[in-house]
């Protein structure tokens, strides 16, 4: 049986709206890109992703040192190991890196929160 929440229940935002507005207002033109296989990130959603590609790990660590923002784009074909601009959908999601857990097998689990939709204009190597 499902019960409705009581009037005194509280919901806690992971990142305040004021912080979001400040980050997006100071948004750089170049943001590290992380391609995802078979997953779509939507704004306001928090998901864990498993990251094993060297390029993606570098993008995550760079974002952690800077403003914690990355651009997430879904791959058209999940079998492509080294995706290029043509291998990614042009609409993605700006995301904030919330937490990175390094694993012993040189991969990482990264918790990200979608912020807003973005369009890829350039793909810089």
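Would you mind stating whether residue 55 is assigned to a helix (DSSP H, G or I), modelled with pLDDT under 95, under 17 Å from the mean Cα position of the chain (by Cα) and closer than 23 Å to residue 121 by Cα? Judged against the criteria, residue 55 is a match. All but one of (1) part of a loop (DSSP other than H, G, I, E, B); (2) surrounded by 12 or more Cβ atoms within 10 Å (Cβ to Cβ) hold for residue 82, so report the exception by its number. Failed condition: (2).
Within the range 19-35, is even one residue assigned to a loop (DSSP other than H, G, I, E, B) and either under 13 Å from residue 114 (Cα atoms) or modelled with pLDDT of 95 or more (or both)? Checked the range 19-35: no residue is assigned to a loop (DSSP other than H, G, I, E, B) and either under 13 Å from residue 114 (Cα atoms) or modelled with pLDDT of 95 or more (or both).
Taking the condition in a loop (DSSP other than H, G, I, E, B), in contact with a helix residue (DSSP H, G or I) (Cβ under 8 Å, 6 or more places away or on another chain) and more than 12 Å from residue 32 (Cβ to Cβ), does residue 67 pass?
Values: in a loop (DSSP other than H, G, I, E, B): yes; in contact with a helix residue (DSSP H, G or I) (Cβ under 8 Å, 6 or more places away or on another chain): yes; more than 12 Å from residue 32 (Cβ to Cβ): no.
So residue 67 does not fit the description; no.
Just give me the residues in the range 100-112 being closer than 17 Å to residue 71 by Cα and either surrounded by fewer than 14 Cβ atoms within 10 Å (Cβ to Cβ) or in contact with a helix residue (DSSP H, G or I) (Cβ under 8 Å, 6 or more places away or on another chain) (or both), in sequence order. Listed by number, the residues that qualify are 100, 109, 110.
The values are calculated or read from the model by the stated rules, or taken from the named source; none is laboratory data. This structure is a prediction, so every number in the text was calculated from the model and none was measured. Note that each Cβ is placed from the backbone with ideal geometry, even for glycine, and that neighbours are counted across all protein chains shown.
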